[in-house]
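Read through the structure below, which is laid out as structure tokens, and then see the notes.
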Amino acid sequence: MAKYTKKELLAKIAELELDEAVRVEVVSKIQSVEEITPELISWIKEKIQKALDDAFVAIGVNDNENDPEYKKKYEEMMKEIDSAEKDFEGEMEKINKEADQLRDDASQQIDDVQAQAVKDQIKGM
């Protein structure tokens, strides 16, 4: 983890578009400590993430994994993905069988042509 001075950290916080109450809380916390610790950085990250999550919820975007609607849509999406994978695998199996059959047919035709060429040579002798 990068080491920041209070000044650098305060400058980074100032660059963020945060709710004013969150900004004041984070800035106050930074100013109240003697040194920047990993625990402080974790606390700041949690505060910023919560502010982002709250902002998304406020505009109607909720991706909370514990939300029943989110879980339902996630499960539906996973079922669709599984179904698409099974369809894809089934189609690939059909394509592989067709390719094998075409290869076998081509090989048989080559054998037939070679056999006919040998017969023609024998007849020509």
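The values are calculated or read from the model by the stated rules, or taken from the named source; none is laboratory data. The shown structure was predicted, so the numbers you read here are calculated from the model rather than taken from an experiment. Note that each Cβ is placed from the backbone with ideal geometry, even for glycine, and that neighbours are counted across all protein chains shown.
Rundown of residues vs (1) within 18 Å of Lys12 (Cα to Cα); (2) exposed (fewer than 10 other Cβ atoms within 10 Å of the Cβ); (3) of a type in the set (Lys, Arg); (4) in the same structural domain as Glu8 (by TED's automatic domain parsing), yes/no style:
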residue: Ser32; (1), (2), (3), (4): yes, yes, no, yes
residue: Thr37; (1), (2), (3), (4): yes, no, no, yes
residue: Ala55; (1), (2), (3), (4): no, no, no, yes
residue: Ala115; (1), (2), (3), (4): no, no, no, no
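Looking for something touching a residue at least 24 places away in the same chain (Cβ under 8 Å), surrounded by 10 or more Cβ atoms within 10 Å (Cβ to Cβ) and either more than 30 Å from Lys6 (Cα to Cα) or touching a helix residue (DSSP H, G or I) at 6+ places or on another chain (Cβ under 7 Å) (or both) - is there at least one such residue anywhere in segment 88-102?
Taking every residue of segment 88-102 in turn, none turns out to be touching a residue at least 24 places away in the same chain (Cβ under 8 Å), surrounded by 10 or more Cβ atoms within 10 Å (Cβ to Cβ) and either more than 30 Å from Lys6 (Cα to Cα) or touching a helix residue (DSSP H, G or I) at 6+ places or on another chain (Cβ under 7 Å) (or both).
Hey, among the residues in segment 1-15 that are in contact with a helix residue (DSSP H, G or I) (Cβ under 7 Å, 6 or more places away or on another chain) and surrounded by 12 or more Cβ atoms within 10 Å (Cβ to Cβ), which one's farthest from Ala58 (Cα to Cα)?
Once the filter is applied, the top-ranked residue is Lys6.
Please go through segment 66-87 and pick out each residue that is among the polar types (S, T, N, Q) and exposed (fewer than 10 other Cβ atoms within 10 Å of the Cβ).
Asn66
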